[in-house]
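The structure appears below as structure tokens.
Just so it is clear, none of the values below were taken in a lab; they were calculated from the coordinates. Everything numeric here is computed off the predicted structure, so don't read it as measured data. Cβ atoms come from the backbone with ideal geometry, glycine included; neighbour counts cover every protein chain shown.
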4 protein chains.
Amino acid sequence: MSFCSFINFMSNCSFNIIIMTEKKFSRNKQEKIDLIYDNFFKLILEKGYHKTSTNHIAKSAKISIGTIYKYFPKGKQDIMRKYFEDTMENIFNISGLYNVGENKIRDFLKDFILILYNNHKEKKAYNIAFRSAIQSDKMLLKAHKERLFDSFKNAAQKLRGKNEIFNQIPEERLIKLFIFLYNLINALIYHHLSVMRLFDTDMELTDYLSNLTTFSLQYLTRVDNKK
Amino acid sequence: MSFCSFINFMSNCSFNIIIMTEKKFSRNKQEKIDLIYDNFFKLILEKGYHKTSTNHIAKSAKISIGTIYKYFPKGKQDIMRKYFEDTMENIFNISGLYNVGENKIRDFLKDFILILYNNHKEKKAYNIAFRSAIQSDKMLLKAHKERLFDSFKNAAQKLRGKNEIFNQIPEERLIKLFIFLYNLINALIYHHLSVMRLFDTDMELTDYLSNLTTFSLQYLTRVDNKK
Amino acid sequence: MSFCSFINFMSNCSFNIIIMTEKKFSRNKQEKIDLIYDNFFKLILEKGYHKTSTNHIAKSAKISIGTIYKYFPKGKQDIMRKYFEDTMENIFNISGLYNVGENKIRDFLKDFILILYNNHKEKKAYNIAFRSAIQSDKMLLKAHKERLFDSFKNAAQKLRGKNEIFNQIPEERLIKLFIFLYNLINALIYHHLSVMRLFDTDMELTDYLSNLTTFSLQYLTRVDNKK
Amino acid sequence: MSFCSFINFMSNCSFNIIIMTEKKFSRNKQEKIDLIYDNFFKLILEKGYHKTSTNHIAKSAKISIGTIYKYFPKGKQDIMRKYFEDTMENIFNISGLYNVGENKIRDFLKDFILILYNNHKEKKAYNIAFRSAIQSDKMLLKAHKERLFDSFKNAAQKLRGKNEIFNQIPEERLIKLFIFLYNLINALIYHHLSVMRLFDTDMELTDYLSNLTTFSLQYLTRVDNKK
DNA sequence: AATGAATGAGAATTCATTCAT
DNA sequence: TATGAATGAATTCTCATTCAT
């Protein structure tokens, strides 16, 4: 029996079968899904969301169109939805963000901005696509809003426990503030990266955003107190 | 001269009846173009930019698809481009805007915001379409940038002649500042109206923008001076 | 001016334009629609209803797929529906059918059978398609039932005016009887022509149907009276 | 003998444990086939024959698509064919049917009708599918005809031995008569159940069919004698 | 034996654009 | 000028079938 035959024989043994089958299937499946994501976003950068068709994705990923519809039965809409769900945890569960001491809100905001900014840079295609997708998929917009609320509820609770200033703001209000800042920052980063540059350098943008959010936080807290 | 040549000759004559016909046609032409614009934007609000086809516009406007391609040989792209050109003067040539005295910069910014805000509200469909169009039509984006520059150059010149504070800022820098504020305001209004509301009421938005622009003007001027 | 130029000139004259345009457009339109019908039914005989696609029809008719969807926006479903509507009058408005004197009911039924039989033979493809279509298009089935009712209401009124025997049967009952006979005859002709032959010759079939309907009429009238 | 050959050899041995495994597999096999049948017909009632795909059946039956193609290598076509073959004996080998004495032909026909009627009701999905299948599978139609002939040959022989009246009709002729009645009854039951109701109640239908078959038997015998 | 991932031909449908009238 | 019939490439999505595991 040659070595190869031995390997083949071994691969039929039961203790191996299960492990390999699981690995193989799950690896292949995730590989295909990643291929679809990668090529989808690659094409969006090249041609835009609406000119990227499921057939283009299949051809670009060198898989069959049927495979795309196996994993994403509603085509592009499902690619967006599932990517949205798959990346749920990536943005806001960064523990470092919440190690904020007294009087360090400015640093907290700066970190927050950098996270959003890097997310935009790294996932430019996704962000372009997401803006397009929520126009025609109201469920996705709803899910996005709900996730924002949940994430910032979580963040607010953590921060109020650690920081005196945050603690003075009612939780509900703090969540709304964070959602506002999130929208504010995203609107400007998106505009800067995908519509028209606001500054010559990205550093100038993040510096500006840092001051802008501090200003906005003060402005909104002041307005709040007047009411 | 053959009979046909005679007919051709006649059709070029400036007899009264022919002039009237021409006038009538030219009035009809503008009517048709307006019909196309109106129904295009109506449909964009209903179905979105990408799901609005030239055939739909024709059916909605009760004109033939051929007529659309007569006036707009490249279809939707040309509708956007020509509407952009047709409305060139409407936004920034508002004389009232420039009657700004000393210490009245805040009022100037408030007026500026209101003009942009009302423009967004009234031309929501156009603004949605414009964002979509510049993604795939780089010429349109370029033209938009050039127009912004020209308009604000004009505005800067007028304002520097009338106002001491503006006069202290170099023209080139003032133009850049205005373009920045324009982009800032538009990014946020667009986000508020077409992506996700930033405030519960529109008044809160314009109040915030008013303070935001004042802050930004100070911030940028300060940063500028440091350099 | 050559003769051809003269013809061309003439063809631009107003009195001709209207006639020609009307003729031309309507002729072409009906030509295309007839092409679609003809090739649709030709293919149904060759491959069956479900294996006949709109693309096949277009290829077979040597027209573009767009033309089919211009006239029949919902594809095959609309071809069936519109053909159904176009042929509304053909079956029952045969005046000869109603020239039925006293004691000639047998002859009337014979004529009725022959009309249905010839309709099946001549429109075999349509009848096959119709059976398939009403399985997935409940509206078509409903329209079919309504038309049957209206047609036989009309027939019943005519016949009750002319024939003593029919006059003894209440109108409502007579309509039901006709619809029953219609279904009976059609079920058997369809089975004979498209599922499995009931008789060796078609003559035997029509003879049998003739006796069967006479029998059924007596049977149902008798049952009716007992109730 | 290598290790592998030994394994192969072992797998053919008739040790008890292996016999049990085989039995278990064969029981499983029939279970799988029944699952396929059940879910196929369930889906046909829900969506129709043509919209029921092999993939749907697999999903509905919670087995893999591969299993369906293992037992039915040509998919739906084979499911129909094999179901047709599996149910071969069920319809006509009902011994009660042939306990027909003198002058009881009417009762015999009534029983015959009830059997066919109940078969249609209970196997509505199969009957719908069968009609669709024989349109595109001429072999199935041929097999159906052959089975009808064989079944009624068998029935004719039994009945001629027991009943004087049947005995007067030549066997060949009797077979043809039965096939005719079978087609007649089926055509009308199918029309009533799946196209358009002939009567308000099913009882009325079976009563009518009972009289109709008696009439038809007399009619055909009479016609026969004339020839 | 059983699984189910993968394929890709093909079906329905849309849409920008052309062109004869 | 104006019409709208006609085109056909492109898009979304389905389905029978194969094959590696």
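Tabulated results
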| item | result |
| --- | --- |
| At 7 Å out from Cα toward Cβ: D:Pro73 inter-copy label distances (nm, ascending) | 3.2, 4.9, 6.2 |
| Pseudo-label separations to other copies for C:Thr221 - Cα-to-Cβ vector, 7 Å, nm | 2.6, 9.9, 10.7 |
| Residues whose placed amide H lies under 5 Å from that of A:Lys123, excluding near-sequence neighbours | none |
| Hits among lysines - C-alpha to C-alpha of B:Lys59 under 20 Å, sequence gap 8 or more where chains match | B:Lys29, B:Lys32, B:Lys42, B:Lys47, B:Lys51, B:Lys70, B:Lys74, B:Lys76, C:Lys29, C:Lys70, C:Lys74 |
| Chain C residue with Cβ closest to the axis mapping C onto A, distance in whole Å | C:Asn55, 8 |
| Per-residue mean of C-beta atoms belonging to partner chains within 10 Å, peptide A:179-190 | 4 |
| Part-to-part distance (alpha-carbon centres) for region B:131-161 and region A:188-227, which is given in Å | 22 |
| For C:120-128, mean number of other protein chain Cβ atoms within 10 Å | 0 |
| Other copies of C:Asp38: label-to-label distances in nm, shortest first, labels 7 Å along the beta-carbon direction | 4.5, 5.3, 5.5 |
